[in-house]
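> This is the structure I want to talk about, given as structure tokens.
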């Protein structure tokens, strides 16, 4: 499946960054190099008068796509 279609599918069905990565890495055609940053704003609470702010695991995923390989990590 071509890269643009996998990205659109992942955008529509993923509920968080990990699920986006898992969906996107399926059926890699091996014809495209790319780097993706997936930000899940549900994992972020801004600083307020009552809270110092919170960054939960899963806020930012970095995905590297190479022909025949996809590497991803939660930063």
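The values are calculated or read from the model by the stated rules, or taken from the named source; none is laboratory data. From a predicted model like this one, the values you see are computed outputs, not experimental measurements. Every residue, glycine as well, gets a Cβ built from its backbone with ideal geometry; the counts of neighbours run over all protein chains shown.
> Cβ-Cβ under 7 Å, sequence separation 6+ or interchain: first residue in segment 4-20 and without any contact (Cβ under 8 Å) to a residue 24 or more places away in the chain, partner surrounded by fewer than 17 Cβ atoms within 10 Å (Cβ to Cβ). Which pairs?
6/27
> Would you please name the residue that is modelled with the lowest pLDDT, looking only at residues in segment 19-45 that are in contact with a strand residue (DSSP E or B) (Cβ under 9 Å, 6 or more places away or on another chain) and farther than 24 Å from residue 1 by Cβ?
Only one residue tops the list, namely 45.
> Could you tell me how many of the residues in segment 46-75 are without any contact (Cβ under 8 Å) to a residue 12 or more places away in the chain, more than 24 Å from residue 8 (Cα to Cα) and in contact with a strand residue (DSSP E or B) (Cβ under 8 Å, 6 or more places away or on another chain)?
3
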